[in-house]
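See below for the structure under consideration.
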Amino acid sequence: DHGLPAVRPREAATLIIVRQEQEPKVLMGKRAASHRFMPNKFVFPGGRLDLIDQRLRVPRDLSTPVMRRLTESTRASVSENKLRGLALAAIRETFEETGLIIGRRTENRLHTSNPVWQSYFDHGVEPPLDKMDFIPRAVTPAYRTRRFDTRFFIVHDELIHPDPDEMGRASGELLDLHWLTLEETKALDLPTITRWIIDMVGERLQYDREEQLRTPAPYVRFVNGRATIATL
């Protein structure tokens, strides 16, 4: 209803996990039909930013170029803790939705009062923020019942512990979890933004890892009903 004020988008994060085989594969799952936001669509794991993600203290930080891109086109009141928290939210949501542990082995066990993050730390890992790339930012169009301001992050499969195929602890929020080649994803029922991001992943994988971290990211939002794209 365009006569009502637009719903303010909630901060969210998504994680694209790239598995390096003969052809690169990405992990995707199907949202249940009961979901109000994108039901039955195949998506990457991810979800809303929680307060704990912003307050969590971890040993490593996002790389300088990634943090710089995250900071661009944000309000001055948005802290680095919040931006760092978005990357942590992507890891946490992936852990909850898929059972996969995205982390780096550490002898220094981390502790928190948050049960989800403590369960993650109990596996003897720490969040590998310095290895996370930020590729696009996208805001759901106005006048939708659910809106998200989402940052999409990408990591590679050497950061999965212990096994990329071990997803038995998944919450069930995402169904039909599969590793798919970029070509195989084209046959799925995907949101338009997800199709575009998959193409972007293919382009980004042409660069070496360090260059990927320095490559600009697009920012997609809708102004007067039309998509506009800025470069971060």
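Among the residues of segment 111-142, count how many are assigned to a helix (DSSP H, G or I), surrounded by fewer than 16 Cβ atoms within 10 Å (Cβ to Cβ) and not β-branched (Val, Ile, Thr).
Result for segment 111-142: 4.
Considered as a group, the residues in segment 161-203 that are over 29 Å from residue 226 (Cα atoms), among the hydrophobic types (A, V, I, L, M, F, W, C) and at pLDDT below 90 include one that is most open to solvent (accessible area, probe 1.4 Å), and that residue is 175. Note on segment 192-208: among residues that are touching a helix residue (DSSP H, G or I) at 6+ places or on another chain (Cβ under 9 Å) and touching a residue at least 60 places away in the same chain (Cβ under 8 Å), the one that is farthest from residue 138 (Cα to Cα) is 205. Can residue 137 be described as modelled with pLDDT under 95, under 18 Å from residue 48 (Cβ atoms) and touching a Leu at 6+ places or on another chain (Cβ under 8 Å)? Yes, satisfied.
The values are calculated or read from the model by the stated rules, or taken from the named source; none is laboratory data. What you see is a predicted model; the values in this text were computed from it and never measured. Neighbour counts run over all protein chains shown; Cβ positions are idealised from the backbone, glycine included. SASA here: full protein model, heavy atoms, side chains in, ligands and nucleic acids out. Shrake-Rupley method; radii C 1.70, N 1.55, O 1.52, S 1.80 Å.
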